[in-house]
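Below is one structure, written out as structure tokens; the observations come after it.
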Amino acid sequence: MNNMRLQVKLWRWQRLSAMVLALAVCVHLAVIIWAVHAGLSAQALLGRTQGNLAFGLFYTVFVLACAVHVPIGLMKIAEEWLSWRGTRALVLGLLAGAWILLAGLRAVYAVVGT
């Protein structure tokens, strides 16, 4: 695959993930505001999230969007600021994406899992 095609695909994936993240962040903030105004404790929140499939699916999509979006941005930053090209930038992005995916899904499981 030539470099221009790869750049176009990365650009598309980053924009699509940004759209998902924009919606997810708005929903996430709305839930936080609602929980604070409702006076819910951490224990009450966890009681509502344990076994909640909708909550788990929402935050899984949130984590997946982050795991796509952030590595592409980090690769671009590494290319522009550090002059890293090719493998170095790609490895940075892949490691960041893997860490976000693993840590995020672990957190979702910890909050939702029964």
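The values are calculated or read from the model by the stated rules, or taken from the named source; none is laboratory data. All figures in this text were calculated on a predicted structure; none of them were measured in a lab. Every residue, glycine as well, gets a Cβ built from its backbone with ideal geometry; the counts of neighbours run over all protein chains shown.
What the table shows:
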read-out	value
Residue in the stretch 26-41 that is hydroxyl-bearing (Ser, Thr, Tyr) and part of a helix (DSSP H, G or I) present	no
Selected residue (only one of Leu64, Leu40 is out of contact with any Asp or Glu (no Cβ under 8 Å at 6 or more places or on another chain), loosely packed, with under 15 Cβ neighbours inside 10 Å and among the aliphatic types (A, V, I, L, M))	Leu40
Only one of Leu46, Leu92, Leu101 that is modelled with pLDDT of 95 or more and in a helix (DSSP H, G or I)	Leu101
Filter pass, Arg85 being farther than 27 Å from Gly113 by Cβ and touching an Asp or Glu at 6+ places or on another chain (Cβ under 7 Å)	yes
Failed condition for His69, given (1) touching a residue at least 40 places away in the same chain (Cβ under 8 Å); (2) assigned to a helix (DSSP H, G or I); (3) within 21 Å of Ala110 (Cβ to Cβ)	(3)
Residue check for Lys76: charged (D, E, K, R), surrounded by 15 or more Cβ atoms within 10 Å (Cβ to Cβ) and within 21 Å of the chain's Cα centre (by Cα)	yes
